[in-house]
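The values are calculated or read from the model by the stated rules, or taken from the named source; none is laboratory data. Since the model is a prediction, treat every value here as computed from it, not as a measurement. Cβ coordinates were reconstructed from backbone atoms using ideal geometry, including for glycine residues, and neighbour counts include every protein chain displayed.
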Amino acid sequence: MKRLSTRVHGVLDYLTAGTLLALPRLMGWSKGTTRLLTNAAAGTLGYSLLTRYELAPVKLLPMKAHLALDGASGALLAGALFLFLDEEDGVARSLVGLGLFELAAALLTETKPSRGASAGVRVEQTVTVNKPPGELYRFWRDVENLPRVMRHLRAVTPAGDRRSHWVAAAPAGARVEWDAEVTDEQEDRLIAWRSLPDAGVRNAGSVRFTPAPGGRGTEVRVTLEYEPPAGAAGKVVARLLGEAPAQQVAEDLRHFKQVMEAGEVPTTEGQPSAR
């Protein structure tokens with residue numbers, strides 16, 4: 001049974017790297033031992049900063065790969081005692097202890113961050129569209145339509161078996177891609193989706209179509225949860241650039257309303273958005 005969350009594992013990663021750097025210097029160990037542990041610390045710190053978990057600024061490395069590297073590092077540290085049999089007895093014991101600690105942490109850690117534990121974003125926005133639910137549902141269910149109303153999307157391509165491939169613009173002219181799957185579907189009422197486990201952008205969301213009171217069309221409610229490519233720092237930068245997630249979704253829904261009611265999205269910049 002897995003007992004460590006990815007967040008706790010992240011804390012242990014950085015503590016381990018610091019210990020590997022400090023211990024041989026504090027204990028006055030030989031240059032060979034110091035060099036070995038310094039290289040181990042650099043490796044641990046390097047891949048920890050790139051892992052898809054809560055405490056990494058850049059999320060590229062899957063958690064399973066991170067844990068495999070932890071296991072390999074632990075095994076190498078534990079096995080390295082045979083290279084330092086002539087050292088003080090405390091060196092060998094410390095290497096074995098550090099190695100076994102890394103192995104245990106790798107074996108006991110969850111492979112996915114817990115839901116809601118990451119530095120992610122949750123957005124919920126609603127718009128009323130003067131069209132029946134079925135028509136809006138069919139437009140949204142054809143994922144190739146979505147770039148028409150979501151200005152940050154470059155393309156969405158069906159990939160079969162309720163899956164699709166998404167390409168979106170990111171801050172500073174970058175772009176991100178991921179695969180997603182439909183997880184729940186209720187005709188004319190609901191579409192829910194989530195990214196696949198190895199997606200570069202972890203996200204999930206839903207769109208609900210509810211008849212508006214008094215026969216005034218349809219209330220469209222979008223809920224979106226995602227983790228920006230640069231984590232918490234990315235959210236701050238996005239706000240500074242005027243591209244906060246709530247603002248994006250609200251604008252996309254206004255575009256959706258305009259497309260469904262008028263058949264097009266106005267392209268003149270600087271004019272008030274339709275409400």
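Kindly indicate the residue of segment 67-100 that is charged (D, E, K, R) and in a helix (DSSP H, G or I) and also modelled with the highest pLDDT among those meeting that condition.
Of all residues in segment 67-100, those charged (D, E, K, R) come to 70, 86-89, 93.
The next check asks that each one be in a helix (DSSP H, G or I); those that pass are 70, 89, 93.
Values: ASP70: 95, ASP89: 60, ARG93: 83.
So the residue we want is ASP70.
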Practice prompt. List every residue pair whose Cβ atoms sit under 8 Å apart, with the two residues 6 or more apart in sequence or on different chains, where the first one lies in segment 100-127 and is closer than 22 Å to VAL249 by Cα and crowded, with 18+ Cβ neighbours inside 10 Å and the second, anywhere, is of a type in the set (Ser, Thr, Tyr) and modelled with pLDDT of 95 or more.
Written response: none
Worksheet item: How many residues does segment 18-62 contain that are surrounded by 14 or more Cβ atoms within 10 Å (Cβ to Cβ), touching a residue at least 24 places away in the same chain (Cβ under 8 Å) and within 24 Å of the chain's Cα centre (by Cα)?
Response: 13
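Look through VAL182, VAL156, VAL121 and report the one residue that is over 19 Å from LYS59 (Cα atoms) and in contact with a helix residue (DSSP H, G or I) (Cβ under 7 Å, 6 or more places away or on another chain). Before you say what the answer is, go through the steps one by one.
Working: VAL182 fails: in contact with a helix residue (DSSP H, G or I) (Cβ under 7 Å, 6 or more places away or on another chain); VAL121 fails: over 19 Å from LYS59 (Cα atoms).
Among VAL182, VAL156, VAL121, only VAL156 is over 19 Å from LYS59 (Cα atoms) and in contact with a helix residue (DSSP H, G or I) (Cβ under 7 Å, 6 or more places away or on another chain).
For (1) surrounded by 18 or more Cβ atoms within 10 Å (Cβ to Cβ); (2) not hydroxyl-bearing (Ser, Thr, Tyr), each residue gets a yes or a no:
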| position | (1), (2) |
| --- | --- |
| TRP178 | yes, yes |
| THR183 | no, no |
| ASN203 | yes, yes |
| SER206 | no, no |
| PRO211 | no, yes |
| VAL220 | yes, yes |
| GLU225 | yes, yes |
